[in-house]
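The values are calculated or read from the model by the stated rules, or taken from the named source; none is laboratory data. Treat the numbers as computed from the prediction; the structure is a model and nothing was measured. Heads up, the Cβs are rebuilt from the backbone with ideal geometry, glycines too, and the neighbour counts pull from every protein chain shown. Note: areas computed on protein heavy atoms with side chains; ligands, DNA, RNA excluded. Shrake-Rupley method; radii C 1.70, N 1.55, O 1.52, S 1.80 Å.
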Amino acid sequence: MEIKDFSYYFDLSKFEHKKIFADCEYIFDFLKHLEGYIKVNLNSAVLGKVSSGAMVEDNVYIGRNSVVQPGAWVRGPSIIGDNCEIRHGAYVGANTLTGNGVIIGHASEVSNAVFLDNARAPHFAFVGHSILGNRVNLGAGTKLSNLKITAKEI
């Protein structure tokens, strides 16, 4: 299993799930592997705190010291790392994989996405079929997606 050097784009040296990039020719090839990677590596458990009024479905891993605030909804299959915050009103869709220290904030929606360590989509963001790098902080209302406006393949 070869992990190509994507250091031009991201520092994966400390990312717990760097194997998702194994056998990827291009950086966005991780999308082809995301669902299968989560399925193989998911050990459903809630090691953090799920607040009253939050919804966490089956097939979800919530890491140590992570918090899911009231009104948030986390769908499976998903893996949420340690020390993460899923804030009020956030929607975490299927096939979401996060590193540690991630914030998915108020009224943000994510799915089919990878958040590297300490990435933040703190409020009113959409991250779909995308990757957010280490320590990236999205501004309010930012939308990330791989849907080309012409509806043709990218």
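Here are the numbers for this structure:
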read-out	value
Subset tally (residues that are more than 17 Å from Leu132 (Cα to Cα) and assigned to a loop (DSSP other than H, G, I, E, B)) for the range 6-23	1
Residue match in the range 36-57 (condition: touching a residue at least 40 places away in the same chain (Cβ under 8 Å) and small (Gly, Ala, Ser))	no
Whichever residue in the range 14-32 is open to solvent by 40 Å² or more (accessible area, probe 1.4 Å) and over 19 Å from Ala119 (Cβ atoms) and, among such residues, is modelled with the highest pLDDT	Lys32
Search result, residues across the range 60-70 that are open to solvent by 40 Å² or more (accessible area, probe 1.4 Å) and within 24 Å of Phe124 (Cβ to Cβ)	Val67, Gln69, Pro70
Every residue from the range 115-131 that is in contact with a Leu (Cβ under 7 Å, 6 or more places away or on another chain) and part of a loop (DSSP other than H, G, I, E, B)	Leu116, Ala119, Ala125, His129, Ser130
Qualifying position, being touching a Leu at 6+ places or on another chain (Cβ under 8 Å), of a type outside the set (D, E, K, R) and surrounded by fewer than 15 Cβ atoms within 10 Å (Cβ to Cβ), among Asn134, Asn112, Asn146	Asn146
Test: residue in the range 45-59 that is farther than 26 Å from Pro122 by Cβ, touching a strand residue (DSSP E or B) at 6+ places or on another chain (Cβ under 8 Å) and open to solvent by less than 70 Å² (accessible area, probe 1.4 Å)	no
